[in-house]
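Read-outs: derived from the displayed coordinates by stated rules, not from any lab. Please read these numbers as outputs of a predicted model, since none were measured by experiment. Here the Cβ positions follow ideal geometry from the backbone for every residue, glycine too, while neighbour counts run over all protein chains shown.
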């Protein structure tokens, strides 16, 4: 039975409100045809909008609408007729909006017709629609709870913050291979089904008849620009494999064909019929960078045939948006998991001291043997540990510096593996300087600055002085990469005054239970001279630095204090550090009470036409921080009552924070080579509990 036209005596249904999750434009313009019956595929959650006057036969003055109960419609402007059975007067603005609220179990199971009449109410023509309704939804984890919900209204956009939304994509930069390995993102196939865990699940949900009407098809597509940043695979098995089953299906990699890539921007995907789900796996290919803001989108369109030989036209599109997860550094205040050091022919005392502090801290030590490090002992300078995170998975990722010393193969060959990612930035060798070593890359603990919260801390790098006409800088490709990660906004300090040029030569952070949860430690020649003047005042002017140290000429406290040239050099060094102190206070929201000055002296050495600073004795700020345990370069300072005065001062400053000092002999194997404990070690730490997508911008 048909439903007769709605009139004023029976108010028309309200205009259909599309389901959430669809793009704007889900109201589709449609043309009626009074000359032949039309078969129409309708997507639930959208509506068909047709101008009745445009399709009307000549001389039409009235119309009426009839439909089966499964079809809803509304008319605007609302009819003014008072009789329930009266045809409705047609005017140039008469619009019919048609919708269906549920999927059709079979094709053409619903019907709507529009009857046109002349002035004498004689029928002039009938437009008949045979309707088939289908539900289509492309779904992602837009609410970031680790599950793919159905038709989230925010799936097509991305918003930062705890009340934000939008799906997250990991760069697939680990390697499931252990032999002839390379990052999985370099393969356009799935080498092991376990690799699916590194990808983001996307689900195509459909409901409707067993098959689409002839000529209709579903296509998935991406833009050329986004194709550089993602790939999409699909499961041939309806619903895909559950995560608990994947490990048992490693031989079925052929069941995950590539759907979209830089070579395949659009591809038809199957319509399964009935109530069905199809799993897709989205793979991130590159991190945010200067030319990539991290946002990508994937669209699914329903195409309608027009006529043989002519292209199909889209009648419905659903879109989802992902943000590629940034690379995140971990500060000293996070729990240490593994300590990495090199073994060389001359660093046994260093290794012994390192093992001692690592054992105290309850974490693991991993030693890179000499055959692998080839004599390159600077573990900190070659790499930086970080991680990437999403609601469904996380894993550590090592950032390989462009320094490329003899340790250059270590990050790739020894660290890259299953659930351990790798990323690097490559530039011309002529552009690489000492400032590209990652002793020049640090990160603060979480801070709040002028009301702005940085819950993951801020990255710190060293560069040339802002007004310098020449000088060394961290290479642009690395700086661009760090800035593009967004969630740990970098701070640039002046480090080119140092011969090596690394920020870890004059600053570090240690945990504290009070104030902001940490202290900034700064090298301070002023604190060094104050300590030595106090020793002289107390009658210890003849106490010697380097006393008994093989190959070193001892020097007394008095000799240091009487060396006017050394004093002038340290005045210069202190001015450089003070400039950085002011920057750090401003950019990290610190007070003087948040900073501890360590008694460390420097000296200037000639480098070509310039003079740059190196530590006069082992640089105690260049330490390793493992929870409450500190591994500090043994300074070999003047002894008072049998105890090194520099060690005693350091312990006094740190033990007040509940920290334990272990002094490590790195003099011959590191200090003499212009590095210290921190330069020769590296720490992989536990990730933040705070989730990066909750950062407020």
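Things worth noting here:
- All Cα pairs of region 330-423, percent lying beyond 22 Å: 33 percent
- Contact order for the chain, expressed relative to its length and based on alpha carbon pairs under 8 Å spaced 6+ residues apart, stands at 11 percent.
- Per residue, the convex hull spanned by the Cα atoms of region 467-570 measures out at 209 cubic angstrom.
- Per-pair calculated FRET efficiency, R0 = 45 Å: residue 154 and residue 355 via Cβ, rounded to 0.05: 0.30
- Note on the chain: semi-axes of the ellipsoid equivalent to its C-alpha gyration tensor, largest first and rounded to whole Å, are 71, 26, 19.
- Dimensions of region 328-694 from C-alpha coordinates, computed as largest minus smallest value along each principal axis and given longest first, are 64, 49, 45 Å.
- Inter-site label distance for residue 211 and residue 608 at 7 Å from Cα along Cβ, in nm: 7.4 nm
- Computed [θ] at 222 nm, helices only, for the chain once each DSSP H run of length n ≥ 4 contributes -39500 (n - 2.57): -4000 deg cm²/dmol
- Region 542-626: equivalent-ellipsoid semi-axes (sqrt of 5 x gyration tensor eigenvalues, Cα, Å): 27, 18, 13
- Nearest-ten-degree value, helix 564-588 long axis tilted from longest Cα axis of the chain: 20 degrees
- Dividing the convex hull volume of the alpha-carbon atoms in region 442-488 by its residue count gives 88 Å³ per residue.
- Entry note, region 434-578: relative contact order of 19 percent, from Cα contacts under 8 Å with a spacing of 6+ residues.
- Against the rule of thumb 2.2 N^0.38 Å, how large the Cα Rg of region 547-683 comes out: 1.11
- Here the Debye sum runs over all C-alpha atoms of region 399-513 as equal scatterers in vacuum, and log10 of I(q)/I(0) at q = 0.15, 0.22 Å⁻¹ comes out as -0.75, -1.33.
- Modelled FRET efficiency - R0 35 Å, residue 686 with residue 297, Cβ distances, 0.05 increments: 0.60
- Relative contact order of region 64-148: 28 percent, from C-alpha pairs under 8 Å at least 6 residues apart in sequence.
- Long-range tail of P(r) for region 140-324 (Cα pairs > 19 Å, %): 61 percent
- Taking the Kirkwood radius as Rh and the Cα radius of gyration as Rg, region 298-344 has a ratio of Rg/Rh equal to 1.55.
- Taking the inverse of the mean reciprocal distance over all distinct Cα pairs, the Kirkwood hydrodynamic radius of region 20-132 comes to 14.6 Å.
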